[in-house]
1. Suppose we filter Phe368, Phe405 for residues that are in a helix (DSSP H, G or I) and touching a residue at least 40 places away in the same chain (Cβ under 8 Å); which single one remains?
2. Can you tell me which of (1) surrounded by fewer than 16 Cβ atoms within 10 Å (Cβ to Cβ); (2) touching a helix residue (DSSP H, G or I) at 6+ places or on another chain (Cβ under 8 Å); (3) more than 30 Å from Phe156 (Cα to Cα) is the one Lys438 doesn't meet?
3. With the checklist (1) under 18 Å from Phe81 (Cβ atoms); (2) touching a residue at least 40 places away in the same chain (Cβ under 8 Å); (3) surrounded by fewer than 24 Cβ atoms within 10 Å (Cβ to Cβ) in hand, flag the one item Leu108 doesn't pass.
4. Do you know which residues across the range 1-15 are touching a residue at least 60 places away in the same chain (Cβ under 8 Å), part of a loop (DSSP other than H, G, I, E, B) and among the β-branched types (Val, Ile, Thr)?
5. Can you tell me which residue in the range 370-385 is nearest to Trp288 (Cα to Cα), limited to those that are crowded, with 17+ Cβ neighbours inside 10 Å and of a type in the set (A, V, I, L, M, F, W, C)?
6. Give the residue, chosen from Ile136, Ile130, Ile113, that is touching a residue at least 40 places away in the same chain (Cβ under 8 Å), touching a strand residue (DSSP E or B) at 6+ places or on another chain (Cβ under 7 Å), under 28 Å from Pro46 (Cα atoms) and open to solvent by less than 30 Å² (accessible area, probe 1.4 Å).
7. Answer yes or no: is there a residue in the range 184-193 that is under 30 Å from Tyr333 (Cα atoms) and crowded, with 17+ Cβ neighbours inside 10 Å.
8. If you check Lys263 against the conditions, is it over 24 Å from Leu381 (Cβ atoms) and in a helix (DSSP H, G or I)?
Amino acid sequence: IPSVSSIVPESCLLIVVGLLVGGLIKGVGEKPPILKSDIFFLFLLPPIILDAGYFLPLRQFTENLGTILIFAVVGTLWNAFFLGGLMYAVCQLGGPGLNHIGLLANLLFGSIISAVDPVAVLAVFEEIHINELLHILVFGESLLNDAVTVVLYHLFEEYANFEQVTVIDIVLGFLSFFVVSLGGVLVGVIYGVIAAFTSRFTSHIRVIEPLFVFLYSYMAYLSAELFHLSGIMALIASGVVMRPYVEANISHKSHTTIKYFLKMWSSVSETLIFIFLGVSTVAGHHYWNWTFVISTLLFCLIARVLGVLVLTWFINKFRIVKLTPKDQFIIAYGGLRGAIAFSLGYLLDYKHFGMRDMFLTAIITVIFFTVFVQGMTIRPLVDLLAVKKKPETKRSINEEIHTQFLDHLLTGIEDICGHYGHHHWKDKLNRFNKKYVKKCLIAGERSNEPQLIAFYHKMEMKQAIELVESGGIGKIPSAVSTVSIQNINPKTLPEDRALPALSKDKEDEIRQMLRNNLQKTRQRLRSYNRHTLVADPYEEAWNQMLLRRQRARHMEQQQLNNFLTVPAHGVDSPTMSRARIGSDPLAYEPKEDLENLPIITIDPASPQSPESVDLMSEEPKGCSGLPPSPEEDEEGLVMRVKEPSSPGTDDVFTPGPSDSPSSQRMLRCLSDPGPQPEPEEGEPFIPKGQ
């Protein structure tokens, strides 16, 4: 019924089915079965956690690991102690029916009910297709808070047997958290490495390859539970560690078998868990106390909202991508409780916890409220708030390549800055993995295969298989290589469509060429440090050039300040010489040393402006070594047009004839060239000799 399943989540429908089945069994006079904790923890929970850990989106998980750990550890501790403390106060004020419940019992109840359930979160969040960030934050919190729940549960259970709890017991309990969490991870890593190493030698028995994945994962879970470590953490660690090496060793059919068997197994377990929740609700013994149940439900919601708001305010100070108020609402609203809380409550011993039935009733009420009310309303709220959803299409190869390129770029930037951040340690781990781990855990040449080649090999194999299965072998796209087609062993092609065959040697040669040349590993660069910089060999030359340029500009400024000054030597100024020649040319004879007569070069754009006079080009005639011509003797001072400088020359650094001290003393600027000689009457317009 699509109209019902689009509104009500599958988990809610399964609980309703369980309620109907339990009521039917009870109606015919039989005793309905109850979900025993051993069956739940040993057989129903591991497939769901293994499926989640094996196919965990590792990139999003590691990038948000700090946020997830804060929510999982600090958030769960806050919920447990806040809820346990308030429930103890309610029990003290709630009348005779609740007075006998002590502080440890309430804290134990708070630790059971405070943890977010991964089964319930998976069931609801996969249907609403929320974006990857919110999904991994809530789901990652539900996975990692198992260590906190296990520690608090066993801790308060043990404290209930003590006559007096000392400070040493509290310190040991605090240290046991690290033992439980890190011990579970260590057990999972060990079994993951063993599974990867075993898969290296299964090339001749492909049919049992999937068995090793399930066997070693389940052994990791059982080994962790045997020592009261976190079995969920062990399962996640083993799945994450073994997957890249196992998939490189096993065949494509084995990979498909693992994928679909895990999905089927986890789906069956999830279905059975929710149905048994409904049946156990009908079959179990209940003790209803309005004050206790309503207070539990109310304080659960308050603790979750307050915890998310306070922790997000703190986390956003360190995050680049901030969590918006919409994200905070979805995280707080997505804190669903499920069968783990019910099974932990079912494990309580009547001898030490006589109020177990009331605890179970309150736990079932909270589970039903979160699954039914929050689970049914979270989809409309996501649409109403316009929260970003997960894209329907998968990432293209172009996006994958650019993502890897940005990772390398950010790693290089961290190297240059000398900052050891997230990308630096990720690159270190990848180098160690490629240099040592892959050679031990991956068989053959695949251990040295670059990631891009491996990804291309995987894509072309997948495309070729789809092509053969669809029967479209004749329409081969350019993206599929002939190597993949030959590996599939298809039917014989017609003569006109036969593909060019590659010899085995040629194929190996091409692959070897791609492996050696397509991807070069980045060499480690020295970190930037201003104290260890190598001196620039050209720095001194540049400093000299700048000093010469400044000295030249300073000299030019001084010349402009000495504008229209009398020269120090005794040679007549050009203005006086021209005035004497113009007034009485016969009485005044020019001196014999005509070589000292200067030449002023004028810019033709504005010959009358004093700014156009080129100070550096004013030089006496005859400096070039040639005797003065008769025309120059008659004309006196000659005005010449300034020649354009050749491209590439520098007027500051290129020495000229005017750079000598004697020439520098002759430099001056004339605002008035002096009186012009009046042309005499009867003098021809064109001078003689022209």
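1. The unique qualifying residue is Phe368.
2. (1)
3. Result: Leu108 passes all but (3).
4. Ile7, Val8
5. Looking at residues that are crowded, with 17+ Cβ neighbours inside 10 Å and of a type in the set (A, V, I, L, M, F, W, C), I get Val371.
6. Sole residue among the options that is touching a residue at least 40 places away in the same chain (Cβ under 8 Å), touching a strand residue (DSSP E or B) at 6+ places or on another chain (Cβ under 7 Å), under 28 Å from Pro46 (Cα atoms) and open to solvent by less than 30 Å² (accessible area, probe 1.4 Å): Ile130.
7. yes
8. Judged against the criteria, Lys263 is a match.
The values are calculated or read from the model by the stated rules, or taken from the named source; none is laboratory data. Values in this document were obtained by computation on a predicted structure and should not be read as measured data. In this analysis, Cβ positions are derived from the backbone assuming ideal geometry, glycine residues included, and neighbour counts consider all displayed protein chains. Calculation scope for accessible area: heavy atoms of the full protein, side chains included, ligands and nucleic acids excluded. Shrake-Rupley method; radii C 1.70, N 1.55, O 1.52, S 1.80 Å.
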